[in-house]
1. Can you tell me the length gained on complete extension of the stretch Trp70 to Val36, counting 0.36 nm per residue apart and subtracting the Cα distance?
2. Which ³J(HN,Hα) values, rounded to whole Hz and listed in residue order, are derived for segment 14-30 from phi using the Karplus coefficients 6.51, -1.76 and 1.60 in 6.51 cos²θ - 1.76 cosθ + 1.60 with θ = phi - 60°, glycine and proline given as x?
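We did not get these values from a lab; they are worked out from the coordinates using the rules stated. Remember, it's a predicted structure, so these values are computed and weren't measured experimentally.
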Amino acid sequence: MGEEAVREIRCRVTDLRYKDVISVEDGCRLGYVADVEIDTCSARVLALVIVGKQKFLGLFGKCEEYIIIWKDIVIIGEDAILVRFCRPNREPKPPKKAFFENFFQ
């Protein structure tokens, strides 16, 4: 048998929700599945919408959101989903100046 047997696994959208999503590129946890994008003409799932870390209790801005297209999903497991995705590098924040620094210049 040269071909690997493909095991069919069925799951519902509600089964996907709130599963952790892990990047196989760097091993980081991206967040959890919050929604899916579906092509209504072909009835196919196009992408997963991942919600990442929230800012301090959700008070200081929106949380990160990533779109993982279907071909970048490596495996959907019992507790987590492994994907090929690297978070975009953020520019480092400039160092904060001391409060009194402006008064003594």
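1. Working: separation 34, 0.36 × 34 = 12.24 nm, distance 0.99 nm.
Full extension from Trp70 to Val36 adds 11.2 nm.
2. Taking θ as phi minus 60°, the curve returns 5, 6, 6, 4, 6, 7, 5, 10, 10, 7, 7, 6, 10, x, 7, 7, 7 Hz for segment 14-30.
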